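Chemist: Once you've had a glance at the structure underneath, I'll fire off some questions.
The values are calculated or read from the model by the stated rules, or taken from the named source; none is laboratory data. Just so you know, these numbers come straight off a predicted model, no measurement behind them. Using ideal geometry, Cβ is built from the backbone for each residue, glycine included, and neighbour counts are taken over all protein chains shown. Just so you know, the surface numbers come from the protein's heavy atoms only, side chains and all, with ligands and any DNA or RNA stripped out. Shrake-Rupley method; radii C 1.70, N 1.55, O 1.52, S 1.80 Å.
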Amino acid sequence: MREFLLALIDEDERVRHRITSRFGTPDTSRARVALNAEIDAIWYRYKRNGYIVYRDAFKFEQDLNEAFWNAMSPLFRPQTLMEAFEVSYAFLLQLTDIENDDSDGFFTCMIDQCINVWDEIIRLSQYNPCFPKAHLIRSVGLMSR
């Protein structure tokens with residue numbers, strides 16, 4: 001079983017991410033790089049002439065949302081809350097370079113996902129008195145809820 005899992009981890013980045021996020025210590029720099037690579041792969045899959053057209057926008061959003069949550073979920077631990085914020089904020093900034101038909105509110109949905117992450121970080125930070133919650137709130141211009 002061990003040999004099978006090691007081979008599977010070597011072959012598939014998603015499987016490696018799922019296993020290490022569940023049983024290992026999160027590597028935030030790797031999470032950031034993996035998320036950026038996944039965003040790029042999704043972007044290239046759906047873009048037409050450098051743009052996401054309306055008919056592809058929903059599927060693009062779904063795939064991007066899945067990649068985002070796969071990268072974020074292992075970071076919801078008291079010791080990696082700031083990293084969770086940094087990865088989610090970098091994700092949000094990277095979205096500003098994506099051109100797409102936003103008729104259905106793609107950017108609003110992705111901003112909402114980031115705000116959900118930040119709300120969860122703030123909620124979890126109550127158990128970690130060393131976490132700089134004020135810095136997080138100032139960084140994104142949110143008011144304490």
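Chemist: With respect to Glu86, determine if the residue is within 14 Å of the chain's Cα centre (by Cα), open to solvent by 70 Å² or more (accessible area, probe 1.4 Å) and either modelled with pLDDT of 85 or more or not hydrophobic (A, V, I, L, M, F, W, C) (or both).
Modeler: The answer is yes for Glu86.
Chemist: What is the residue count in the range 30-88 for residues that are in contact with a helix residue (DSSP H, G or I) (Cβ under 9 Å, 6 or more places away or on another chain), assigned to a loop (DSSP other than H, G, I, E, B) and without any contact (Cβ under 8 Å) to a residue 12 or more places away in the chain?
Modeler: Here the count works out to 1.
Chemist: From the residues in the range 43-80 that are aliphatic (A, V, I, L, M) and more than 13 Å from the chain's Cα centre (by Cα), which one is nearest to Asp97 (Cα to Cα)?
Modeler: Ile52
Chemist: Considering only residues that are at pLDDT 75 or above and among the aromatic types (Phe, Trp, Tyr), which ones fall in the range 1-52?
Modeler: Phe4, Trp43, Tyr44, Tyr46, Tyr51
Chemist: Restricting to the range 110-145, name every residue that is modelled with pLDDT of 80 or more and loosely packed, with under 15 Cβ neighbours inside 10 Å.
Modeler: Ile111, Asp112, Ile115, Asn116, Asp119, Arg123
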